[in-house]
Amino acid sequence: MNTDALRGHMDALLLSVLEHEPLHGYAIIEALQVRSGGALSVPTGTVYPALRRLERLGYLTSEWATVGGRKRRTYRLTGAGHTALAGERSAWRQFTDAIGGVLAPRSTEGPAR
């Protein structure tokens, strides 16, 4: 999938992946791939700046941890992050409903508008 198409949705994707457990950056990228059935392959150059921005906004905290014998920065959702995720999900439902209304096949009955 085109990374440009994801640009406006990256916050929601990252917050969702971190909803239930803290993860380090590479594990976040792997989770996006797995949860999307392999459709999302997001480059590190997109993920890490977004994680830092979400941390500055107070939606994430990070700490260094040893994972598999290596020191990695792990990210965890904050209370504000959970609230932001709920807002992102609501906005996503509204967006998909609106787009679905436009893309749905129209009935051929009745006058064209």
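What follows is calculated from the coordinates using simple rules that are stated; it is not laboratory data. The structure displayed is predicted, hence computed values, not measured ones. Methodologically, a virtual Cβ is constructed for each residue, glycine included, from the backbone with ideal geometry; neighbour enumeration extends over all protein chains shown.
Worth pointing out:
- Using alpha-carbon coordinates, inclination of helix 25-35 to the longest axis of the chain, degrees: 30
- Charge tally in the Cβ shell below 13 Å around Tyr59, where Lys, Arg are +1 and Asp, Glu are -1, Tyr59 excluded: 0
- Taking 0.36 nm per residue of separation and subtracting the Cα-Cα distance, full extension of the segment from Thr61 to Leu6 would add 17.5 nm.
- Potential extension, Arg70-Arg93 segment - 0.36 nm per residue separation minus Cα distance: 4.4 nm
- This ranking places Tyr48, Tyr59 by how few other beta-carbon atoms lie within 10 Å of each, fewest first, which gives Tyr48, Tyr59.
- Cα gyration tensor shape of the stretch 6-113, rounded if a/c is under 1.5, else prolate or oblate by comparing a/b with b/c: prolate
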